1. Evaluate the charge dipole of the chain about its Cα centre and quote only its size in Debye, nearest 20, assuming +1 on the Cβ of each Lys and Arg and -1 on the Cβ of each Asp and Glu.
2. Using only Cα atoms, find the angle between the long axis of helix 305-347 and the longest principal axis of the chain, and express it within 0 to 90 degrees, rounded to the nearest 10.
3. Given the C-alpha centroids of the stretch 367-428 and the stretch 279-353, what is the distance between them in whole angstrom?
4. So what is the 222 nm mean residue ellipticity for the chain from helices alone, if each DSSP H run of at least 4 adds -39500 (n - 2.57) and you divide by all residues, rounding to the nearest 500 deg cm²/dmol?
5. What's the longest uninterrupted piece of the chain once you rule out the GluC sites (Glu not before Pro) that are loop residues per DSSP with at most 12 other Cβ within 10 Å?
6. Using all Cα-Cα distances in the stretch 141-197, what percent lands in each 10 angstrom bin from 0 up to the longest?
7. When a footprinting reagent is the concern and you count Cβ atoms within 10 Å, what order do Val201, Val359, Val98 take, fewest first?
8. Using the Kirkwood radius built from alpha carbon pairs, what does the Stokes-Einstein equation give as D for the stretch 53-155 at 4 °C and 1.567 mPa s, in µm² per second?
Amino acid sequence: MSEQLVVPVSALVTRIKTTLQQNLRLNGVWIQGEVSNLTKHRSGHYYFSIKDAASELTCVMFRSYVQKLTFPLEEGMSVLASGEINVYEQRGSLQFYVRALKPDGVGELYLELERRKKKLEAEGVFAMNKRPKPRGIQKIGIITAKEGAALQDVRTTIARRWPMAELFLFPATVQGKQAPASILRALDQADDAGLDAILLVRGGGSFEDLFCFNDEAIARRLARMKTYTVTGVGHEVDTTLADYAADHRTATPTAAAQWITPDQNEVMQWFEQKRAQLIQSMNSRMDQAAAKLLQYQSNPYLADPLAWGQRKELELQAAFMKLKSAQTAFSAAQNSRLTALRLDLSRHDPRGRIQTESVRLKQLDEALQGGIREFARAQRDRLSRTASLLDAYSPLKVLARGYAMVTIDGQIMTSVSQAAADSLVDIRLQDGQVKASIIGQTAGAGKEKETDAVCGLDPKAESGSLHQEER
C-alpha cells in the first residue's frame, strides 16, 4: 500500500491561486454579464456578482477603481468588466477583481444620451421660447421616410380630419448613420418653404433605431426653426432630444397629425352651433326692433307732429304764466317780509337802548356817590357820639376827680383782703402811676380800712422819670 500525501488546506488553496495567476491571464478580455447583489460599502469598495443565464462570478472593485467610474453602477445593469481572477485564501473562494467597468451595448447609448441632454440643457437649447400653435394651419410639411408607415398614418389622419389641408413631403432617412444629415437637410428645406407647420415623424422602433433623433445638431436646428414644429417619434415611452427641442411633442405620428389639424366634424358642429346662435341673436334683435317700431308708431308726436307741437306750446305758455304768477307772489311776500324785518330791527335798534341805559347809568352813579357821602357823614357822626360816650365812661375821668385805681399782680383790688402785709401794689393816678408796699391794714365790717404803704414813682408813669419815696 503506497503512502498517502496529506497537505493542509492553505497549501492547496495557495497552489490553486498560483496556478491561476500563472496560467489564466485576462489581459484585453472583457467579461459580459448582469450586475446582481450589489453592495456599496461605506469604505468605498463595491461588492457584487456578474452573472448570465448559466453562471455567476463573485466580484470585488476596490475604491481606487470605483472612483474612476464615469456612470452610476446599479443593480441589474448589463456591463462589461475587465480585471483578473484570483483566490481569496481565507475562504478559498474564487473572485474576480474588477479594475474597469463600462455599460454593455444599449447602456452606452443611454449614457451618451444623458451626456448630450445635459450639454444641450447647459447651452439653453431646450429653454428657448416655444412658438405658440398658429391659428388656421393649412400648409403642412412632413419630414419622414418616403415609404414609411408614419407617412401613411399622417396622410390618412389628416385626410379624415381636415382634407382641405395642403401637404408637402420632405423625404428623409430616419434610421442609421446617414439619418442625422438627411433630417437636417429636410428641416432646412421645410423651414424655407413658407409653411404653417412642420411634422417630424417616425414610427416605432428600438432605442438604437430611434437614436438618430438624439443628434445634437438636429436639436439645435429645431430650436432655431422659424416655422412651428411638432414631433411624433416612436411610441408613448420614447422621448428623444428632438422632442425636447421642438415646439410641441406628441407620442406618435398619428397624434402629431391630430394635434396639427382640427377635426372637420367638430368644426362643422362648431359652425352649426354658431349658425344657431347667430339665428337666435338675429331673431332677438328683430323682435326688439319690431317692439321699438310699435312704440314709435304709437307715439303721438309721430302720429301728428303739428298737433303735438301746438299742444306742447300751449302747455309751455300755461307753465310760463304759472311761473310768472308764482314769481310775482314770491317777490311780494319777500318784500313784505323784508319790510317787517326792517321795522323789527328799528324797534330793537341798540343805539337808542344804549343812550337810555347811559343816562340811567349816569343817574345811578350820581346816586351812588351821594349815598356814599351821606353814609360817610353818618358814620363820622356816629363815631363822634360813640367817642364822647366812651370818654364819659372812661376811668381816666374818675381819676381826674381825685380817685385812684390799685392793682396787685395785674388784678384790680376791690377789697383789702386781696393785699397782705409787705405785698406790692400799683396805684394808678390821673397823672401817673406809683408803686407801694403794704405795711398794715385794718379790717372789719362797717369800719374804715386803714392802710400804710411805702410809695415810689414808677419810671414808666406819665408824670416823668423822677423817683421819690413817701413815708
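1. Values: 61 positive and 55 negative charges, 366 e Å.
The calculation lands at about 1760 debye.
2. Compared with the principal axis, the helix lies near 30 degrees.
3. 104
4. On the way: 13 runs with 214 residues, N = 471.
When only DSSP H runs of four or more count, the value is -15000 deg cm²/dmol.
5. On the way: sites that count: Glu3, Glu74, Glu75, Glu147, Glu208, Glu236, Glu448, Glu450, Glu462.
For GluC sites (Glu not before Pro) (loop position, at most 12 other Cβ atoms within 10 Å), the longest site-free span of the chain is 237-447.
6. The distribution over the stretch 141-197 is 24, 49, 25, 3, given as percents.
7. Details: Val201 26, Val359 9, Val98 22.
Ordered from fewest to most neighbouring Cβ atoms within 10 Å, Val201, Val359, Val98 come out as Val359, Val98, Val201.
8. Values: Rh = 19.1 Å.
Estimated via Stokes-Einstein, D reaches 68 µm²/s.
No value in this document is a laboratory result; all are computed from the given coordinates. Predicted model only: the values in this text are computed from it and were never measured. Heads up, the Cβs are rebuilt from the backbone with ideal geometry, glycines too, and the neighbour counts pull from every protein chain shown.
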